[in-house]
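Following: one structure in structure tokens, then a few remarks.
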Amino acid sequence: MQMTFRWYGEGNDSVTLDQIRQIPGVSGVVWALHEKPVGEVWTVEDIEAVKKQVEPYGLNLDVVESVNVHDDIKIGLPTRDQYIENYKQTLKNLAKFGVKVVCYNFMPVFDWTRTDLFHPMPDGSTALFYEKSVIKEDAKEMAEYILKECEGYTMPGWEPERLAKLEDLFEAYRPVTKEKLWENLKYFLEAIMPTCHECDIKMAIHQDDPPWDIFGLPRLLVDAPAIDKFLSMVDDPYNCLTLCSGSLGANPENNVASIIRKHCDRIAFAHVRNVKHFPNGDFTEASHRDCDGDVGILDIMKAYHDCGFKGYMRPDHGRHIWGEKCRPGYGLYDRALGIMYLWGCWDMLDKTEGKV
């Protein structure tokens, strides 16, 4: 298992590379060119600039999150082929710098969705929160809230230039049924798989967050049967998962550890995040400690360990603790605590099973 830490880049993150390298066991940063418009080719020069920033700290750039997929590809417009060609060229450019995994999602309009970015917790910290009753028909109101509360940082999936055209986006997606979205995802993957083989880059899809339809928009990667369908639809070792325990775990019916055991050989990247459910359907993100949430962190880590997982892992969203001012969900302190908890689980499993 290779531990990583998501980093949004110089000037776009409250966490520094010097801080990241001091977290025990972290070997790489999960990065992206967040300033690049979706669909534009990532140039060799831009990628090299990030390498020069990271290299002195002894951290690798093996995992990118995300090379976002253009809406024209998701909608299935005639223009999608050019955007797919751009995507292929970006993969070729990333391969020159040793990138091994690209995390992406195929969610219409919105990326992750929360109704409160700084929800008060009983211990005095704050965390991302989803209040089911707040998700109504007016998506614009929620989008305005997210942009207002993002602490001045860019929020992948919530880019202001995209959200300024929210009504147009919803109109463009109107004819896209769930079946059509599956077809468009298959078209995209079949088109890029030869390039993935050529570049030795695994495409690792992130599950929809939360794992159910919102605002009338279809969601695909929501449960075990959907994951089965996805992996068999394009049955290729380079068509992989970013297995997110928090996204899947938002639905208490999803058994994340069971999914890991079934598909571990197709999990290229693991997001480990804890979620606490409420009886009315609300949920909040919690510390990584198993007993603080409901997704079964100990079972999840044992599943990865039992399967001999050798891919990349990162702690996902953390709480905001000790007065830290940071990007929602992406502070230093709680994610660093999360890493130490995950390593503690892993080291104990190594010891009890005689691997150390």
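What follows is calculated from the coordinates using simple rules that are stated; it is not laboratory data. Since this is a predicted model, take the numbers as computed values, not measurements. Cβ coordinates were reconstructed from backbone atoms using ideal geometry, including for glycine residues, and neighbour counts include every protein chain displayed.
List the trypsin sites (Lys or Arg not before Pro) in segment 230-337 that DSSP assigns to loop (not H, G, I, E or B) and whose Cβ has at most 10 other Cβ atoms within 10 Å. Which are they? Write down the numbers at each step before the final one.
Details: sites: Arg261, Lys262, Arg266, Arg273, Lys276, Arg289, Lys302, Lys310, Arg319, Lys325, Arg335; in loops: Arg273, Arg289, Lys310, Arg319, Lys325.
Of the trypsin sites (Lys or Arg not before Pro), the ones in loops of segment 230-337 whose Cβ has at most 10 other Cβ atoms within 10 Å are Lys310, Lys325.
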Enumerate by residue number the trypsin sites (Lys or Arg not before Pro) in segment 1-109 meeting two conditions: DSSP loop (anything except H, G, I, E, B), and at most 12 other Cβ atoms within 10 Å of the site's Cβ.
Lys96
Which residue, Leu349, Leu248, Asn86, has the largest displacement toward the positive end of the dipole of the chain when charges sit on each Cβ (Lys, Arg +1; Asp, Glu -1)?
Leu349
Taking 7 Å along the Cα-to-C-beta vector as the label spot, tell me the Lys132-Leu166 distance in nanometres, rounded to one decimal.
2.3 nm
Run the simple label-point estimate for Glu55 and His197 please: 7 Å along Cα→C-beta, distance reported in nm.
3.2 nm
Separation in nanometres of the label points that stand 7 Å from Cα toward Cβ, at Lys186 and Asp265:
2.3 nm
Residue-averaged 222 nm ellipticity for the chain, from DSSP H runs of 4+ at -39500 (n - 2.57), nearest 500
-11000 deg cm²/dmol
Only one of the listed values, (i) 59, 48, 39; (ii) 55, 46, 40; (iii) 58, 39, 38, was derived from the coordinates as Cα extents along the principal axes in Å; which label is it?
(ii)
Taking R0 as 35 Å and r as the Cβ-Cβ distance between Met340 and Glu48, the FRET efficiency 1/(1 + (r/R0)^6), rounded to the nearest 0.05, comes to 0.60
Given charges of +1 on the Cβ of Lys and Arg and -1 on the Cβ of Asp and Glu, with all other atoms neutral, how large is the dipole of segment 200-356 about its Cα centre, in debye to the nearest 20?
380 debye
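Evaluate E = 1/(1 + (r/R0)^6) for Glu324 and Lys96, where r is the Cβ-Cβ distance and R0 equals 35 Å; express this FRET efficiency to the nearest 0.05.
E between Glu324 and Lys96, to the nearest 0.05, is 0.45.
Please go through the residue pairs Lys36/Lys100; Lys74/Lys302; Lys88/Lys186 and name each one whose alpha carbons sit more than 24 Å apart in this structure.
From the list (Lys36/Lys100; Lys74/Lys302; Lys88/Lys186), the Cα-Cα distance tops 24 Å for Lys74/Lys302.
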Percent antiparallel among DSSP beta bridges (both partners in segment 195-306, rounded to 5):
40 percent
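Counting other Cβ atoms within 10 Å, keep those with at most 11, restrict to DSSP loop, and tell me which chymotrypsin sites (Phe, Trp or Tyr not before Pro) in segment 257-356 are left. Intermediate results must be reported in sequence, preceding the final value.
Numbers: sites: Phe269, Phe283, Tyr304, Phe309, Tyr312, Trp322, Tyr330, Tyr333, Tyr341, Trp343, Trp346; in loops: Phe309, Trp322, Tyr330.
Those satisfying the criteria are Trp322.
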On full extension of the chain, what length is gained from Thr79 through Gln22, given 0.36 nm per residue of separation minus the C-alpha to C-alpha distance?
16.0 nm
